[in-house]
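This report concerns only the one structure given below.
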Amino acid sequence: MKDATEGRAVVLGEYILETGATVRAAAKVFKVSKSTVYKDVTDRLCRDNPQLFREVKQVLEHNKKERHIRGGMATRRKYKGEE
């Protein structure tokens, strides 16, 4: 069980790094919860692969800085009737 979570953390980290995906998007692709993705790429990845963790952390911080913009765009699409 421990090996599976360690491997999943690395795979999730690489996916987020390659695609720039948000935690929600990665959770949807891998069919796990947002909490699981966040726990894997912060706590477990920090322990198992510190270099990858540092790179993924930059992507997560970038996504966090832009989330208010994405939320505004989603609201705009909602009221325009595009969703």
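Output the residues belonging to the range 62-83 that are touching a helix residue (DSSP H, G or I) at 6+ places or on another chain (Cβ under 9 Å) and in a helix (DSSP H, G or I).
ASN63, ARG70
Just need a number here: residues in the range 26-56 that are surrounded by 13 or more Cβ atoms within 10 Å (Cβ to Cβ) and either aromatic (Phe, Trp, Tyr) or under 13 Å from ALA9 (Cβ atoms) (or both).
So the count comes out to 18.
From the list VAL41, VAL59, VAL32, exactly one residue is closer than 15 Å to GLU6 by Cα, among the hydrophobic types (A, V, I, L, M, F, W, C) and part of a helix (DSSP H, G or I). Which is it?
The conditions single out VAL41.
In this structure, does LEU45 turn out to be under 14 Å from GLY20 (Cα atoms), of a type outside the set (Gly, Ala, Ser) and in contact (Cβ under 8 Å) with a residue 24 or more places away in the chain?
When the stated conditions are applied, LEU45 does not pass them.
We did not get these values from a lab; they are worked out from the coordinates using the rules stated. The shown structure was predicted, so the numbers you read here are calculated from the model rather than taken from an experiment. Every residue, glycine as well, gets a Cβ built from its backbone with ideal geometry; the counts of neighbours run over all protein chains shown.
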